[in-house]
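To keep things clear, I will list the structure first and then write my remarks on it.
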Amino acid sequence: MKDMEELIKNVEKYKNALIQQKFKSKKNTVVYAILDGKPRILKWFAPGFTRQMETEYSMLKKGSSALNMPISYEKDSDNNVLLMNYIMGENLCDVINDEKTAFSENQRIMVLLAGWFARFHRSFKTADQFHIRGDSVLRNFILADCIWGVDFEESRVGKPVEDIAGMCSSILSTDPMFTSEKFQLCKMFITSYIKSVKWNLGNINEEVAYALLEKIQWRPEVEETLRNHAHKIRKHDLLR
């Protein structure tokens, strides 16, 4: 299969799917559809991304009963598709960056987001290592009655600070970029997370600077801005 449209056209089990909405995704096709009269998320993994499909399916199976993560109803290995429940809400990137969202509301969201990460890291911690969610960006969260995390294909063994730094880099680098309010939100997010866990977070400024530099490969048009702020954060300890 080349894409979701071809899948729905040619695979019998998906022929009655009615696509309601398509979501942004760098590597895969994700749609909200009505399938057999029920709201579903269909995530099609491009050829070569089978490992990511297996990773996401495994994470959802382990975490969805205890954490705010989607329920995976089916792993269709023949067609590289995961079927999940649809979570009705607003994308967190849109909420945080909407000029109509009050700063106090964004502060409240930071506390909720920090709590989500703390619970996630505790749940997937073993005696000698952590499993992190990976790809920790605002677009991978939904605000409904609470914070929901989505898209776990990049989950892996790592350090919690990588997730926290990734989220801070996302907050800072989405438009409007690097405002004083964004720095305040990051500090609140970091402080709330630290209060919720028993482990040491490490050098958050260094990790955020590195995460910003990593974004250059996806956003070369703002390379100079990302480099300048990565340098300032590293040099002036701006997130402590």
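The values are calculated or read from the model by the stated rules, or taken from the named source; none is laboratory data. This structure is a prediction, so every number in the text was calculated from the model and none was measured. Using ideal geometry, Cβ is built from the backbone for each residue, glycine included, and neighbour counts are taken over all protein chains shown. With ligands, DNA and RNA removed, areas are computed over all heavy atoms of the protein, side chains included. Shrake-Rupley method; radii C 1.70, N 1.55, O 1.52, S 1.80 Å.
In the set (1) in a loop (DSSP other than H, G, I, E, B); (2) hydrophobic (A, V, I, L, M, F, W, C); (3) within 30 Å of S180 (Cα to Cα), L67 fails one condition alone, (3). Here V222 meets the list (1) more than 30 Å from Y57 (Cα to Cα); (2) hydrophobic (A, V, I, L, M, F, W, C); (3) in a loop (DSSP other than H, G, I, E, B) almost entirely, failing just condition (3).
Return yes when M88 is surrounded by 18 or more Cβ atoms within 10 Å (Cβ to Cβ), more than 15 Å from the chain's Cα centre (by Cα) and closer than 30 Å to E105 by Cα and no when it is not. Considered against the rule, which asks whether it is surrounded by 18 or more Cβ atoms within 10 Å (Cβ to Cβ), more than 15 Å from the chain's Cα centre (by Cα) and closer than 30 Å to E105 by Cα, M88 comes out as no. With respect to the stated conditions, R119 is within 18 Å of W199 (Cβ to Cβ), of a type outside the set (G, A, S) and open to solvent by 50 Å² or more (accessible area, probe 1.4 Å). Pick out the one residue from Y32, Y14 that is farther than 23 Å from E154 by Cβ and open to solvent by less than 50 Å² (accessible area, probe 1.4 Å). Exactly one residue qualifies, and that residue is Y14. What tally of residues in segment 190-212 results from selecting those that are without any contact (Cβ under 8 Å) to a residue 12 or more places away in the chain and either outside any helix (DSSP H, G or I) or crowded, with 21+ Cβ neighbours inside 10 Å (or both)? The qualifying residues number 2. Against the condition of a type outside the set (G, A, S), modelled with pLDDT of 95 or more and not in a helix (DSSP H, G or I), how does M177 come out, does it pass? Here the answer is yes, as M177 does meet what is asked. For the residues N97, N79, the requirement of being touching a residue at least 12 places away in the same chain (Cβ under 8 Å), over 24 Å from I132 (Cα atoms) and crowded, with 16+ Cβ neighbours inside 10 Å singles out N97. Looking across segment 16-47, the residues that are within 21 Å of the chain's Cα centre (by Cα), assigned to a loop (DSSP other than H, G, I, E, B) and not hydrophobic (A, V, I, L, M, F, W, C) come down to K24, S25, K26, K27, N28.
S58 falls short on exactly one of the conditions (1) farther than 29 Å from Q184 by Cβ; (2) in contact with a helix residue (DSSP H, G or I) (Cβ under 8 Å, 6 or more places away or on another chain); (3) assigned to a helix (DSSP H, G or I); (4) among the small types (G, A, S), and that condition is (2). Being open to solvent by 40 Å² or more (accessible area, probe 1.4 Å), in contact (Cβ under 8 Å) with a residue 12 or more places away in the chain, in contact with a Leu (Cβ under 9 Å, 6 or more places away or on another chain) and not in a loop (DSSP other than H, G, I, E, B) is true of K187.
Restricting segment 59-73 to residues that are open to solvent by 20 Å² or more (accessible area, probe 1.4 Å) and without any contact (Cβ under 8 Å) to a residue 60 or more places away in the chain, the residue that is farthest from F117 (Cα to Cα) is Y73.
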